[in-house]
Amino acid sequence: MTQTLNLTINGTTQTIALDDPRATLLDVLRERLGLTGTKKGCDRGQCGACTVLIDGRRMNACLALALSHDGAAVTTIEGLAEGDRLHPVQDAFLRHDGFQCGYCTPGQIMSAVALIAEAEAGLDPERVREGMSGNLCRCAAYAGITEAVLDATRTMTREDAA
Amino acid sequence: MADLMNVQAHVRLGSNAGQSMTRRDGVLKVTGRAPYAADRQPGGMLHAVTATAGIARGRVAHLDTAAALAHPGVVRVYTPANRPPLAEHPDTKIHGFAWRMEALQDDTVRYAGQPIALVVADTLEAATEGARLLNPRYEAEAPRIGLDGNTPYQPETVSIGRPPSLEAGDMDAARAGAARHLDTVVETAAQYHNALEPHAITAQWFGDRLEIDTPNQAIGLAKQSFATYLGIEPSQILIRSPFLGGGFGSKAILYGAQLLVVLAARDLDRPVKLALRRDQMFGPVGHRPATRQTLRLDLDEHGRIAALDHHTLAVASTFDDFIESASNASHSVYATTAMRTTHSAVRTDTGTPGPMRAPGEAPGSAALEVAIDEAAYALGMDPLAFRLLNYADTDPSTGMEFSSKALRECYERAADLFGWKDRPLEPRTMRQGRLLKGWGMGTAQFPCPMFQAAAHATLRADGSAVVETSAADMGQGAWTALAQIAADGLGIDIDRLEFRSGQSDLPDAGVAGGSGHTATAGTALFNAGADTVRQLADLATNDPASPLFGAGNAGVTARGGRLYRNDDESRSEAYEDILARAGLDLVRGEGKGAREGEAQRAMFSHGGVFAEVLVDPDLGQIRVNRLVGAFAVGRIVNPQLARSQLLGGMIWGVGFALHEEAIHDARTGRFTNNDLAGYHIPVNADIPMIEALTVHEDDPFVNALGIKGVGELGVTGTVGAIANAVWHATGVRPHRFPIHPESLI
Amino acid sequence: MNLFDYTRADTLGAAVGAEGALLAGGTNLLDLMKIGVATPSRLVDVTRLPLSQIEDHGGGLRIGAMVRNADLARHPQVLARFPAVAEALLSGASAQLRNAATTGGNVMQSTRCSYFMDPLSPCNRREPGTGCSAIGGETRNHAILGWTSGCIATHPSDLCVALAAFDAVVEIAGPAGTREVPMATFHPLPDANGVPPALAAGEVITHIRLPDPGGMARHARYVKLRERTSFAFAIVSAAAGIAVQDNRIVAARLALGGVAARPWRSTGAEAALLGQPPIETNFARAAELALQGAAPSGNNAAKIVLARRIAVRALTLAAAGTPDRMPALPASVFEGDDHG
Ligand SMILES: Cc1cc2nc3c(=O)[nH]c(=O)nc-3n(C[C@H](O)[C@H](O)[C@H](O)COP(=O)(O)OP(=O)(O)OC[C@H]3O[C@@H](n4cnc5c(N)ncnc54)[C@H](O)[C@@H]3O)c2cc1C
Ligand code: SF4
Ligand code: FES
Ligand code: FES
């Protein structure tokens, strides 16, 4: 039985005829909408590779039943850059080599965007590390990730002030 | 795909090799546009899911295929009863790098998690449920699990075709003359690679041509292997593997489900995709087996090592022969007058182990560094002083000189930065508030193998170039570092270089493993560039109209897209002009990368790693508070990438020391923690402060480019450093990895 | 995952008595469905129920069952009055999971016993009467208190430990009306054949109520021992509160996590502290009482020692006072005045 699902994805509202009630938001994005930037590393909330913003909050898309999020606004890695202009967090990850294989990277970046917006970690590296601990990186690019998040925090604070 | 890298999207921090440059594939990765195999969605694609065995030993007596097929969306269920034929049995070792695998050849179960059926459906959800509905019944036998699960035997080879034992010098004489000896036993747990990208494959047939998207660390070899098992020509197969979401050894080898997906795609005449679930990565795609290592150090009256004896008992599978070569890690690190290294193995009902980042070296180094630390303390010596006293100026296992070895400088730099000189000898003497603090060190060492690679370089009329080789980028940065080397070989600016890589219709770049990929593929690319430049120089120096006329092709240097006369730098000519006058659209060169002849020197990367740990004295929880390493790795192509690799390796050392441990229930043989919530790897919060320095090293022997490896080195040394720091903090000597909090209270 | 009917309850009336499994954040239920441990034929989505408020309740708080863990942990009144609750929450799972997980779901989450999570292993908790596979198996994470040969599993929640310590009450609406149960006894202990359900069919948790913490508001801590620094379940944990007047303890709270099928509140230990000076020897004696009757359920005897020590630690830290700002590494043993 097909059910209808409304999602605003990266600013565009879509009505999706969902072929299977079991579909997670992650599998809707990846397998139905071709938005494969969001990755699946464990499918069980244990790695963070699938992190997206749902109504502005970071969540694991693999444990989000799509139907339960009818009406939600979802931001994925595809929605961050403005054309060729990278989001400050993307740019910081690039410059600080905050990744190696790149598989955890979309999740790390989405998580970092949310972490900065949460404004609780600030420039305290220990808080950044703790706040980013829901995103495993098997390549172990943690040093670069932390540097990138701190750097992007600085950039974005400056931009906000300007 | 191959032209993905035309995006000139990196940030230049310098020029070409030796300089930091952000990854050329970086923009693709930070924008989510880098395509991994599971991101492929050819039209009409079906989803496949394997059903896996719930017993570790026995046979599958019944599968409810009717229930699976009745589930809406399920298209086909493959079992041994209907699996399409293969040209070669999956248990045939078609070459030295082939593992016996399960592709539904029969109903036997040889480990828990083994694939026993493949369900293909319209949606992932349907395929997943179809696999569950198969609800297998088994005839189970009691599994043999763990280091004591079976009678040990003597393997004929260890690792891949290496001798299981080595004896150098006269052990008996060395022992007889020794003043004291020390015995130690160290156990290491089974570990699983757990690349963050689950193994995946998308296969599609176009008539008799097959296209495969799958992450693979040895694309050329994989093409050969697929062809052999399928009974088709390698030329009929195209494998794309532009990005691996981590490999660490587990993506170097084919596994049965890949063959099944290819068969299903042909049988159903539709593209088929399969991605393993995380739990399904525990079994069929290799692991680092558990070891129990027994070391004996005999020391002379000055504290020098007279004899070193290292024995490893390693877990193996019942049906294949990869034996973790941990004892070999002791071959070349410390000077000794005599040594013996041996291995035995125990056959258990698990998937076959395989190479995992620093295979052999990581567990071997962990045990050796613990033993060395114990010896230093027994002698009342500073652990660094003890290591320096036993510094190996030649390789004790062969007597060969080292091609280069700046280990002393590594010790010095890292110890300095760390502040090692203030370390009290006695354990349990340092505190930070209520926490115990300890400092430990270890020596990092990893060999520098080379494999076989080929590359092409084509210089175009506009002075730009394209280079081609089927390299694999699993995060180490091949897209970037190899391009830097290639640009140097061609004498052009990297921005003018197009790099085609990551697919099987390009010249074979060999295996991305053993930390030898950059050296091997890099040499091939450099040589291809040099071959191109040579031809260009021939054209110019034989052309009376060229300012380079008469210089001879050895009399010119290539730089920045121009050839310069060596004897007169003011005379030069641009590549474009040389080609234009010769009326050529392009010049094409070829290159190979391999080590020539038998190695005459011992070739290793080295490093010194220093760790500070904090331990809660009441609760035993451990935190690696600081980790500092200095490494000598020959010529560094891209300092930023090299640092990332070294740091990554060191953090693997943290995981090895404190977290990673796959646990089987001994009664069923099933895992009790085959997921990322149960099988812990370090998280960001586990890594408060970490630094990797590199020391300068020119190595004229390792290869023409002087490149050693950086990928695996960081794991070695680090595990021991952490264990030794834990001892220094607590006075409790860890003899088992990972170190559990409760073992310290 | 089996096919199911998906429905959404927009009012409490629609949820109470509804047939099927309640879906809140889904971080536990969906996970169990993926591994074939939960196989509901109907899901009732309760995320839109109007139960997302945190209200003043006397000097305490009344928390709606749909309040997300992250929001609860950040709420100014939670930080002010129940800092140990915030600390417990922030030490659990990951930021992403806390954004999805609800208060009710956290309370109702299943054990992480690996045999419970393996549908091929017999399990009394999953299927009463089939036996307990954990006994004689890998029991490092299993119970040391309140277990029976029927089940030796622990409850994995961090939040519930802090809630139990601070006298939380679970408000339940059911087809037969409403009822209330103290958090400390909400999760049933196992009997010889399995574990009775905490809720009857059709019941819904609507709120969690926390009474006025009195003098313990600024003397409350949660401490969690885990294998890695973050994103790991507790090996053992403890929540403690202390109120002191004239160097005498006038109120004390202590609950242990990771040790039993429920958060292990120890009123005996609390009573023994009353009237005593807040010093370590007294805390040690209280911890001793809290662990009375503890026994290993397998190869986990070390947990008894660890639990005792973490109780002492939590009491000591609580006596010292809650830091003004939540520590960078919440509930970590590496946090505190002596780090960094
Ligand atoms: C990788 C991982 C790590 C984790 N680590 C931790 C940790 O360290 N500490 C910790 O405490 N927790 C941890 N958790 C567990 C997490 O906190 C729980 O999954 C979460 O709190 C459940 O909340 P939910 O809203 O998602 O519940 P759901 O998954 O939606 O529901 C869980 C159960 O509660 C029932 N339910 C939900 N709401 C109600 C209600 N109002 N009334 C009655 N029944 C209800 C559901 O029917 C279901 O049975 C972890 C989870 C994961 C996946
Ligand atoms: S301990 Fe409890 S949950 Fe675990 S297997 Fe036994 S009965 Fe099941
Ligand atoms: S894929 Fe969602 S957390 Fe791992
Ligand atoms: S970059 Fe490979 S997992 Fe993080």
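The values are calculated or read from the model by the stated rules, or taken from the named source; none is laboratory data. Keep in mind that this is a model prediction, so the values were computed, not measured. Here Cβ is always computed from backbone atoms with ideal geometry, including for glycine, and neighbour counts include all displayed protein chains. All accessible areas refer to the heavy atoms of the entire protein, side chains included, with ligands and DNA or RNA removed. Shrake-Rupley method; radii C 1.70, N 1.55, O 1.52, S 1.80 Å.
The DSSP beta bridges internal to chain C are antiparallel in roughly 85% of cases. Averaged over its residues, chain C has an accessible area of 34 Å² per residue, based on protein heavy atoms and a 1.4 Å probe. Taking a temperature of 4 °C and a viscosity of 1.567 mPa s, what whole-number D in µm²/s does Stokes-Einstein yield for chain B with Rh from Kirkwood over alpha carbon pairs? The calculation lands on 48 µm²/s. With the convex hull of its Cα atoms as the shape, the protein assembly as shown has an orientation-averaged projected area of 47.9 nm². In percent, rounded to a whole number, the relative contact order of chain B is 16, using alpha-carbon pairs under 8 Å and six or more apart.
Taking a straight line from the alpha carbon of B:Lys405, these lysines sit under 19 Å away, with near neighbours fewer than eight places off in the same chain left out: B:Lys708.
The antiparallel fraction among DSSP beta bridges confined to chain B stands at about 75%. Judged by the mean number of other Cβ atoms found within 10 Å, the most tightly packed of the peptides B:150-157, B:569-576, B:290-297 leads the ranking B:290-297, B:569-576, B:150-157. Select from C:Gly64, C:Gly146, C:Gly298 the residue whose mean-square fluctuation is largest in a Gaussian network model of chain C (Cα-Cα springs shorter than 10 Å). Checking each option, the largest mean-square fluctuation is seen for C:Gly298. Surface analysis of region B:74-116 yields an accessible area of 38 Å² per residue, using protein heavy atoms and a 1.4 Å probe. Highest GNM mean-square fluctuation among C:Ala295, C:Ala217, C:Ala88, for chain C modelled with Cα contacts below 10 Å: C:Ala295. Near C:Ile249, the amide H atoms lying under 5 Å from its own belong to C:Gly275, C:Gln276; only residues 5 or more places off or on other chains count, and H is placed 1.01 Å from N. Distance between the 7 Å Cα→Cβ label points at C:Glu55 and B:Val732: 5.0 nm.
For the protein assembly as shown, adding -39500 (n - 2.57) for each run of n ≥ 4 DSSP H residues and dividing by the number of residues yields -7500 deg cm²/dmol at 222 nm.
Rounded to the nearest 100, the interface formed by chains A and B buries 4300 square angstrom of accessible surface, both chains summed, with a 1.4 Å probe.
In terms of the mean number of neighbouring beta-carbon atoms within 10 Å, the peptides A:111-121, B:212-222 order highest first as B:212-222, A:111-121.
Secondary structure note: in the protein assembly as shown, about 80% of the DSSP beta bridges are antiparallel. Accessible surface of the protein assembly as shown, 1.4 Å probe: 50 percent of it comes from carbon and sulfur atoms. In terms of overall dimensions, the C-alpha atoms belonging to region A:88-161 reach 35, 22, 17 Å along their principal axes, ordered largest to smallest. Accessible area ranking (1.4 Å probe, heavy atoms, ligands and nucleic acids excluded), largest first, for C:Phe82, C:Phe233: C:Phe233, C:Phe82. Less than 5 angstrom separates the built amide H of B:Arg736 from those of B:Glu187, all sequence-distant by 5 or more or on a different chain.
Over 19 Å between Cα atoms, which of C:Lys224/C:Lys303; C:Lys34/C:Lys303; B:Lys251/B:Lys273; B:Lys223/B:Lys251 qualify? Check vs 19 Å cut-off fails for C:Lys34/C:Lys303. Net charge of the neighbourhood of B:Thr557, taken over other residues with C-beta under 11 Å away and scored Lys/Arg +1, Asp/Glu -1, is +1. Here's the list of lysines a cross-link from B:Lys421 could span, going by alpha-carbon distance under 20 Å and ignoring same-chain residues fewer than 8 apart: B:Lys437. The mean number of partner chain beta-carbon atoms within 10 angstrom of a residue's beta-carbon across peptide A:24-37 is 3. Counting, for every residue in B:654-666, the Cβ atoms of other protein chains within 10 Å of its Cβ and taking the mean gives 2. Taking all protein chains together, B:Asp25, A:Asp91, C:Asp212, B:Asp148 sort by accessible area into B:Asp148, C:Asp212, A:Asp91, B:Asp25, largest first [probe 1.4 Å].
Listed peptides B:233-245, B:627-639 appear in the order B:627-639, B:233-245 once ranked by packing, highest mean of other Cβ atoms within 10 Å at the front.
Summed over both chains, the accessible area lost when C and B associate is about 3400 Å², using a 1.4 Å probe. Compute the signed sum of charges (Lys and Arg +1, Asp and Glu -1) over the other residues within less than 11 Å, Cβ to Cβ, of B:Gln645. Once all neighbours under 11 Å are counted, the net charge is 0. Rolling a 1.4 Å probe over the protein heavy atoms gives region A:3-79 an accessible area of 25 Å² per residue. Which net charge results for the neighbourhood of B:Asp208, defined as the other residues with beta-carbon distances under 11 angstrom from its beta-carbon, given Lys and Arg at +1 and Asp and Glu at -1? Its environment carries a net charge of +1.
A loss of 10 Å² or more of accessible area (1.4 Å probe, protein heavy atoms, ligands and nucleic acids excluded) relative to the isolated chain is seen in these residues of region B:195-211: B:Leu196, B:Glu197, B:Pro198. Buried surface between chains C and A: roughly 3000 Å² of accessible area, summed over both sides, computed with a 1.4 Å probe on protein heavy atoms only. For the segment B:34-44, counting C-beta atoms of other chains within 10 Å of every residue's C-beta and taking the mean gives 3.
Taking θ as phi - 60° and the Karplus parameters 6.51, -1.76 and 1.60, the scalar couplings of region B:185-195 work out to 10, 10, 10, 10, 8, 5, 10, 10, 3, 6, 3 Hz in sequence order, x denoting glycine and proline. Put simply, the amide H of B:Glu691, placed in the peptide plane, has neighbours under 5 Å in B:Leu627, B:Val628, B:Gly629, leaving out anything fewer than 5 places away on its chain.
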